[in-house]
Structure formats: structure tokens, C-alpha cells
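Reading through the C-alpha cells given below for one structure.
The values are calculated or read from the model by the stated rules, or taken from the named source; none is laboratory data. Remember, predicted model here, so these are calculated numbers, not experimental data. Using ideal geometry, Cβ is built from the backbone for each residue, glycine included, and neighbour counts are taken over all protein chains shown. Areas reflect the complete protein model, heavy atoms only, side chains present, ligands, DNA and RNA absent. Shrake-Rupley method; radii C 1.70, N 1.55, O 1.52, S 1.80 Å.
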Amino acid sequence: MSDKKRLPIRVLIADDEAEVRDAYRQILLDTDMSSETAVFHNLRERLFSKNAPEQVAKILAPSEITFAPVFCVGAEEAVAAVRDALAAEEPYAVAFLDMRMPPGPDGVWAGARIRELDPAIEIVICTAYSDVDPRDIGGLVPPEEKLSYLQKPFHPHEIRQMTISLASKWRSEHRIVRLAYFDALTGLPNREQSRNRLNSALLAAKQHQRMLAVLYLDLDNFKRVNDTLGHAVGDELLCQVAARLRTSLRADDTTDDQPTSRSSHIARLGGDEFIVILPNIRSADDAAAVAGRLIAELQEPMRLALHTLVATPSVGVAMFPADGVEVDTLLRNADLAMYFAKRKGPGMFAFFDASMNDAALHRFTLEAKLRGALERGEFTLHYQPQFDVRTGGVSGMEALLRWTNDELGVVPPAEFIPVAEETGLILSIGEWVLRSACQQAKIWVDEGLPVARMAVNVSGRQFVLKDFPQLVAAIVKETGIEASMLELEITESVVMKDEAWAEQALAQLKEQGVMLAIDDFGTGYSSFGRLRHLAVDRLKIDRSFMTSLIDCSDDRAIAAAIIEMSRSLRINVTAEGVESFPQLLVLQEHDCHEAQGFLFSRALPVAEAHKLLRRAAETTDGTRTQRLRSLIG
């Protein structure tokens with residue numbers, strides 16, 4: 001940056017003599033410093049003709065560097081001026097401090113306290129006494145490389161050039177610090193600087209026995225913005241989030257009865273994660289109020305390029321001293337609380353509590369054991385039969401994943417499948433499930449067992465892959481089963497997340513002859529109007545409707561409507577979670593096609609499933625109720 005474009009150099013002068021302050025003022029503010037300037041101009045005119053190159057004239061032109069000095073009478077006033085400048089985010093580059101300023105503290109006292117406030121400022125101690133040893137002062141106002149010594153009386157040029165030189169050094173260091181400790185995109189402190197500032201805030205909180213809160217913010221579904229609208233829009237969103245955080249927190253904090261800028265307590269940790277440090281709060285309610293306000297303000301629509309977006313943050317809150325007294329502990333606990341807030345839903349906040357540590361430890365243990373479980377052969381498939389409630393026969397089998405670990409024992413799918421989803425391990429596991437289920441179906445068919453359909457659940461992470469239809473085709477060909485025998489179950493929520501891709505992917509799978517089912521139907525926001533555009537063969541009514549099918553007329557009416565509407569669209573219906581004969585009778589009354597649940601059978605190991613299919617092959621006589629009873633025992 002050229003001198004012409006630079007902002008004025010901010011200089012602090014502290015001296016108890018008015019004449020000395022006036023001298024500084026003339027040196028730093030007057031354009032004509034002395035008669036020597038005129039002599040220099042005359043000399044230049046004699047040395048260079050009027051036709052000299054413009055470049056030479058430019059080099060010798062008067063400097064455009066300007067100064068913005070602030071004058072103080074005493075040491076205490078100088079310290080207050082530095083504190084105010086930092087609060088306003090307008091720090092001084094250089095401070096000239098008179099060594100002796102009676103009747104108050106001296107310049108060394110002021111320098112030591114100014115250095116505590118601002119480690120970057122260049123300090124110059126000015127004295128008329130020759131008995132002062134700069135090395136002694138350096139020990140009191142460290143570090144020595146940022147401390148200069150000026151003997152009175154001084155030449156005007158000495159003051160001016162020293163100011164320019166030290167300010168240039170300060171600016172260079174400031175740029176390096178910005179690169180090392182501040183986020184280039186948003187201008188906020190980065191992870192390293194946030195740790196430094198949190199450490200300083202904790203030291204102050206411990207010293208003054210105050211409370212402190214750390215808020216850990218994460219934007220919900222930020223990856224989707226990057227993936228769909230591009231990284232440029234994602235970067236703009238992050239900048240607007242940072243700006244709103246600054247605005248919201250700018251002037252509502254006080255420390256030592258001095259206003260401070262809350263923007264200095266905000267940091268971007270990376271990606272879409274931010275932290276906010278709230279020093280000197282009175283209670284957890286204060287932190288809750290700030291968290292709620294931040295969520296509300298960030299949820300206001302943001303205009304980005306050609307798009308209007310709504311950012312919903314999840315916020316975790318950890319309190320000092322209750323939730324930790326060290327930087328790492330508070331950050332970890334606030335991060336944990338944020339993940340629990342995210343589980344509650346978008347735009348929520350949660351306070352840390354000790355039970356989260358136990359849950360997190362269990363989660364990390366699951367992840368550690370889950371890695372390598374496929375290679376160690378710890379997964380198996382169980383098969384739950386699906387029954388045709390109109391005939392009483394077995395219409396299909398659903399392959400369900402089970403995991404048994406030597407240390408953890410049998411781990412419920414509800415615990416390990418979400419972890420597999422989050423870590424991406426579900427991709428390799430899901431491929432293994434699909435291949436293994438198809439291989440088992442081929443074995444049963446070759447044995448002549450009555451298994452007309454093998455249903456396999458598809459993870460959302462699998463389904464969104466552009467090559468997923470090709471993977472299915474390859475496995476069908478590899479295992480040798482008929483494509484029409486394979487039924488893929490995709491949850492309603494996955495389909496609704498990206499309807500355009502769902503329509504395209506389902507059409508590609510349908511072209512292969514694969515059967516398709518919408519799982520957990522009725523829990524999302526899909527409609528029968530949308531189903532007309534999807535190549536779907538079956539709807540599976542979510543088990544939540546079965547639970548209250550007998551007692552709740554509303555759920556009974558919903559289930560009946562799903563069955564009736566599906567029939568009109570020529571889509572088959574399977575009811576999940578059927579556990580009692582009264583539930584079965586209601587389904588039969590409304591002519592539901594199929595059902596599965598504990599009333600009929602739990603998910604069976606392959607050997608037991610084989611026995612059930614063998615009984616089904618041998619049970620052909622009697623009414624549907626008799627056939628059902630003979631199969632389920």
C-alpha cells in the first residue's frame with residue numbers, strides 16, 4: 001500500500017509540559033516543519049531543471065504521510081487512552097511517554113501498563129536525564145525490541161522519522177499478526193487467537209471470581225449451500241453471519257466498568273463454526289438470552305447474490321466455572337452441547353451437562369469399534385418375514401443389519417447406524433448388506449424356497465450417490481438374482497430431501513426392473529400428488545400409526561386413507577410394526593396388502609429364516625388365518 005493510501009499514523013503523546021506537547025503538535029501536524037524545508041526545495045530547484053524526468057520529481061516530492069496524534073497530560077490519562085482506543089478497535093501504533101510527569105506516576109509505570117493492554121504498540125520513553133539506563137527500562141517494559149529511548153532535547157526530524165519508522169514496523173507486524181491470528185474471509189479472530197483470548201478471559205474471570213460463558217455456533221445444512229449454490233455464495237453467507245454476530249454483540253458487555261467491543265470476543269474456528277465468549281455475565285440466564293438473540297437474528301433472511309437464504313444456527317453453551325476451568329475443557333464441552341442442540345432440531349441451543357460426556361464417550365467408542373467391524377466379520381443379516389394378510393402366506397423377506405462386537409456385545413441398530421451414517425462408513429457397510437442379501441436370496445431360490453422378494457434398506461448417504469443405480473445393477477448381475485426380486489426401501493425423508501434426484505434415480509432403478517418402496521411413509525411431508533411422479537411399487541406405513549391404531553381414531557383414519565389412496569394409484573401397501581391381532585383385523589378390514597411385525601415374527605438369523613420358509617413351502621391348505629397360525633406358531 002502506498003503512503004498516499006495509508007491511514008494517518010495514530011500516535012499517543014504523554015507529557016506534563018504544555019510547551020513540549022505543542023512541540024510535538026508542530027512536528028506532527030504542521031506541514032512546514034522548519035526553514036530547512038525551504039532550503040531543501042531551493043536546492044532541488046538548482047540541481048534539477050524544469051525539464052527533469054517526472055519520476056525524479058516524484059521521488060523528491062514532499063511526503064504524504066500524515067499523523068493523528070492524541071495528547072495526554074499524565075501517565076494515568078495515557079493508559080486510559082490506550083484502553084479506549086483498543087475498545088474502539090483503533091489502536092495506537094506509537095506512544096511517546098515522558099519519563100517523569102509529576103505529581104502522578106512516571107512514563108515507565110505508564111509503559112508497563114500500556115504493554116499489558118496492548119502487546120503490539122511501539123513505546124518510546126523520552127527523558128532529559130542522562131543517568132537513565134535503557135536496559136533497566138527494558139526489564140520493566142518488555143520486550144526490549146518494542147521499546148525505544150529518546151534523549152531530550154531532540155531534533156524535530158528525529159521525532160518525525162522515528163514515528164514513521166516505528167509505525168512502519170508496527171504495520172508490518174500487524175499484517176503478520178492478521179495473517180497468523182485472523183480469518184482471511186471474515187476478519188474475525190481464528191482458532192489460535194480465540195484460544196488466546198479465551199485464556200485471557202478465563203484468567204480475568206478467575207481473578208475477579210466472575211462467571212463466563214462460551215457459545216459454540218454451527219450453521220445447520222451449510223454444506224448444502226456450498227453444494228447447491230457454490231462456494232462463493234457460501235463464503236458470502238459466512239461473511240454476513242460474522243457481520244450479524246458483530247452487530248449483535250458490539251456494545252452490550254462491560255468489564256471493569258469500561259465498555260468493550262464484543263466483536264473481540266467472536267471467532268471463526270473454521271468452516272461454518274464460530275464461538276462467542278461472554279465474559280462477566282451474572283448467570284446462565286444471561287447466556288441463554290444471548291444465545292436466543294443470536295439465533296433469532298441469524299434466522300432473519302439474508303440476501304446473497306441472486307438468492308435469499310435463512311441461516312439456522314445450533315448453539316452449545318458451556319459455563320465457567322461449572323463446566324470447566326480450562327480452555328480445552330470449555331471448548332470441548334460447548335462443542336458437545338452444540339451437537340446435542342443440533343439433535344433437538346434446527347435453530348436450537350443447549351447447555352452442557354455431565355451426562356453429555358458419557359454419551360459422547362459412548363459415541364466415540366462406537367465409532368472406534370465400528371471402524372474395521374466389516375473387515376473383522378462382525379456384521380450379520382437377520383431376516384424379518386413379510387406376510388400377505390389376504391392369503392396368509394410369506395410374500396417377502398426384509399434384510400436387517402445386526403452388529404456384535406467382542407467388547408460391546410450386541411449393539412442395537414438404532415445406536416450404530418446413525419454413527420455409520422455420520423462417519424460415511426455406511427457406504428461400504430450398505431454395499432455389503434446389499435450384496436449379502438442378494439446372495440442369500442439366490443441361495444433360497446435355488447433351494448426352491450418360497451421367497452418372492454428380498455427387501456433391503458438404502459441409506460440416505462448411499463442413495464444420493466450419482467452412481468448408486470449402477471452399483472445396484474452390478475450387484476444384481478454379480479449375484480445372479482432376478483432384478484424384480486430385489487426391493488429397495490428408501491425412507492420418505494430421503495426422497496423429499498432432493499425430489500429431483502429421487503425422481504431421476506428411482507426411474508433409473510425401475511428401468512433395471514428393481515422394485516422400489518417408500519419406507520416410514522406418513523412421517524414426512526410427501527403427498528400422493530408427488531408419488532405420481534415417482535416410480536414407486538410399495539408404501540410402508542410407519543409403525544407409529546400401528547401403535548395407536550386401535551385406540552386412536554385419527555391414526556386409524558390416516559392408515560385407512562393411505563391404503564385406499566395407494567389402491568387407486570395401484571401401489572401396494574405394507575404395514576410395519578404389527579404386534580396384535582386387533583391391529584391385523586383392522587388392516588384386513590381395509591384390505592391392506594401386507595404386514596410385518598412381532599405378531600408374525602421377529603427378525604430371524606439365516607438358519608431360523610430358512611426353517612420358516614421351509615414351513616411356508618409345506619403349508620398350502622386351510623384358511624388364511626390357519627396358514628398364518630401354522631407359520632407363526
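What to note about this one:
- Zone residues, region 202-233, relative to R282, backbone N less than 19 Å from point 7 Å out along Cα-to-Cβ: 205, 208-214
- Region 544-597 - convex hull of the alpha-carbon atoms, volume per residue in Å³: 63
- Each Lys or Arg adds one and each Asp or Glu takes one away; over the other residues whose Cβ falls under 15 Å from the Cβ of D272, this sums to -2.
- Bins of 10 Å from zero: percent of alpha-carbon pairs in the chain: 3, 12, 16, 16, 14, 11, 8, 7, 6, 4, 2, 0, 0
- E398 long-range amide H proximity, modeled H, under 5 Å: Q384, Q386, A455
- The apolar share of the surface of region 396-466, taken as the fraction of accessible area on carbon and sulfur atoms (1.4 Å probe, ligands and nucleic acids excluded), comes to 57 percent.
- Under 5 Å from the amide H of M302 lie the amide H atoms of L309, V310, A311, each residue being 5 or more positions distant or on a separate chain, with H modelled from the backbone and absent for Pro and chain starts.
- GluC sites (Glu not before Pro) within region 455-564, DSSP loop, no more than 16 other Cβ atoms inside 10 Å: E482
- Mean residue ellipticity (222 nm) of the chain, computed from DSSP H runs ≥ 4 via -39,500 (n - 2.57), nearest 500: -15000 deg cm²/dmol
- Accessible area of R629 in the full protein assembly, 1.4 Å probe (Å², nearest 10): 130
- Positive-end residue of A575, L219, H265, charge dipole of the chain with Cβ unit charges: A575
- Among the listed pairs K223/K344; K206/K342; K442/K611; K510/K611, those whose Cα-Cα separation exceeds 27 Å are K206/K342; K510/K611.
- Whole-Hz couplings from phi, Karplus 6.51/-1.76/1.60, listed for region 112-120; x for Gly and Pro: 5, 6, 5, 4, 5, 6, 9, x, 8
- Sorting 86-98, 348-360 by their mean Cβ neighbour count within 10 Å, with the most densely packed peptide first, gives 86-98, 348-360.
- Rounded to the nearest 20, the Cβ-based charge dipole of the chain about its Cα centre (Lys and Arg +1, Asp and Glu -1) stands at 1260 debye.
- Cα-based shape type of region 145-255, given that a ≥ b ≥ c are square roots of the gyration tensor eigenvalues and the cut on a/c is 1.5: oblate
- Cross-link reach is defined here as a Cα-Cα straight distance under 12 Å, omitting same-chain residues fewer than 8 places apart; for K146 the aspartates and glutamates meeting it are D118, E122, E173.
- Solvent exposure of region 584-633 as accessible area per residue, Å², 1.4 Å probe: 53
- Cα gyration tensor, region 485-633 - rounded (a/c under 1.5), prolate or oblate: oblate
- Region 334-441: GluC sites (Glu not before Pro) in DSSP coil with no more than 16 other Cβ atoms inside 10 Å: E375, E407
- The residues of region 349-432 present an accessible area of 45 Å² per residue when probed at 1.4 Å with all protein chains retained.
- For K466, a cut-off of 13 angstrom between C-alpha atoms picks up these aspartates and glutamates, skipping any fewer than 8 places away in its own chain: D498, E503.
- Peptides 155-163, 104-112, 571-579 ranked from most to least packed give 571-579, 104-112, 155-163, packing being the mean of other C-beta atoms within 10 angstrom over each peptide's residues.
- Solvent-accessible surface of region 85-157, averaged per residue with a 1.4 angstrom probe and all protein chains in place: 48 square angstrom.
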